[in-house]
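The values are calculated or read from the model by the stated rules, or taken from the named source; none is laboratory data. Computed from a prediction, not measured in an experiment: that's the story for all the values here. Cβ placement follows ideal geometry from the backbone for every residue including glycine, while neighbour counts extend to all protein chains displayed.
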Amino acid sequence: MLIRAGYEIRYESEFATPMMAMLSIHPSRHQDLLTPHRIQASPDVPMYDYLDAFGNVCTRVTVPPGGLTLSCDFTLKDDGEPDPVVLDAVQHPVEELPDEVLMYLLGSRYCETDRLSETAWSLFGGIAPGWGRVQAIVEYTHNHVQFGYHFARSTKTAWDAHQEQQGVCRDFAHLAITLCRCMNIPARYCTGYLGDIGVPPSDSPMDFSAWFDVYLGDRWHVFDARHNRPRIGRMLMARGRDATDTALTTTFGPARLSGFIVHTDQVEAVG
């Protein structure tokens, strides 16, 4: 199947303001691109990319006085299959985990393992390690937190989401990640495109989405506490410890988001 996706994002600023953006498709999906993936800037200002410590494509740009619009439009091929389910994937003892995976057991800016450890063990300690334990965490998070865009807050952590029982997709991901880490299951935060493909269309405006990966059976697996079901057409942009490492844009000075449009649609092949 083919997916056409992209965005138009506008920032206003009175002063020249440096920005770091993670708005590119992750390198793991570059081979699936059918059209060039280029970020366009209006006005035309210098930009350059680099790879961060997590392997994400980061774009450096300066918002000029008066503002800047970033946009992109591309087509990508996808296998059309839902997220894989591997019921027999095992949870590894901590001492057997690869060195590079250990960081995803630690607390981070939005994932306070110290504050939720007791809660996690009381809820999931009696569930056998492995896929079933992760799914129990996903279902708990899905049922515990009420979704709503008006619940968004940039400072909200996993602890906050658990206490307030409200949030957006990143809060669902942060809470589930934290509970997994508390149970010694490596978990990392992911952000990207997720359109209404294979599900009833939503009346809400299209947005980027957040989900998470867990390390079971010697590989990473996708889970989604917001939707709590395998989905079709995920397109990864960035991943890291939490939203700190994967922020769509980070401005180093005053800049106001004044426009935000995202599109993700299945399209027919031409020719």
How do the pairs read when you match residues in the stretch 193-216 that are modelled with pLDDT under 85 with residues anywhere that are part of a loop (DSSP other than H, G, I, E, B), using Cβ under 9 Å and keeping only pairs 6 or more apart or on different chains?
202/196; 206/195; 206/196
Regarding residue 152, is this residue buried (at least 17 other Cβ atoms within 10 Å of the Cβ) and touching a helix residue (DSSP H, G or I) at 6+ places or on another chain (Cβ under 9 Å)?
no
Give the residues of the stretch 200-216 that are surrounded by 15 or more Cβ atoms within 10 Å (Cβ to Cβ) and either in a loop (DSSP other than H, G, I, E, B) or of a type outside the set (Val, Ile, Thr) (or both), sorted by residue number.
206, 207, 208, 209, 210, 211, 212, 213, 215, 216
Here's a check for you: in the stretch 220-271, which residue that is touching an Asp or Glu at 6+ places or on another chain (Cβ under 7 Å) and polar (S, T, N, Q) is surrounded by the most Cβ atoms within 10 Å (Cβ to Cβ)?
228
Members of the stretch 169-207 found to be over 23 Å from residue 77 (Cα atoms), charged (D, E, K, R) and either out of contact with any helix residue (DSSP H, G or I) (no Cβ under 7 Å at 6 or more places or on another chain) or outside the structural domain of residue 155 (by TED's automatic domain parsing) (or both), listed by number
170, 203
The stretch 36-55, residues that are within 23 Å of the chain's Cα centre (by Cα) and either among the small types (Gly, Ala, Ser) or under 19 Å from residue 73 (Cα atoms) (or both)
36, 37, 38, 39, 40, 48, 49, 53, 55
Pick from the stretch 54-69 the residues that are surrounded by 16 or more Cβ atoms within 10 Å (Cβ to Cβ) and touching a helix residue (DSSP H, G or I) at 6+ places or on another chain (Cβ under 9 Å): which of them is farthest from residue 19 (Cα to Cα)?
56
Determine which member of the set 94, 90, 138, 134 is over 20 Å from residue 178 (Cβ atoms) and either not hydroxyl-bearing (Ser, Thr, Tyr) or not assigned by TED's automatic domain parsing to the domain that holds residue 7 (or both).
90
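Could you identify the single residue in 50, 11 that is buried (at least 18 other Cβ atoms within 10 Å of the Cβ) and more than 25 Å from residue 268 (Cβ to Cβ)?
Working: 50 fails: buried (at least 18 other Cβ atoms within 10 Å of the Cβ).
Every option except 11 fails the conditions.
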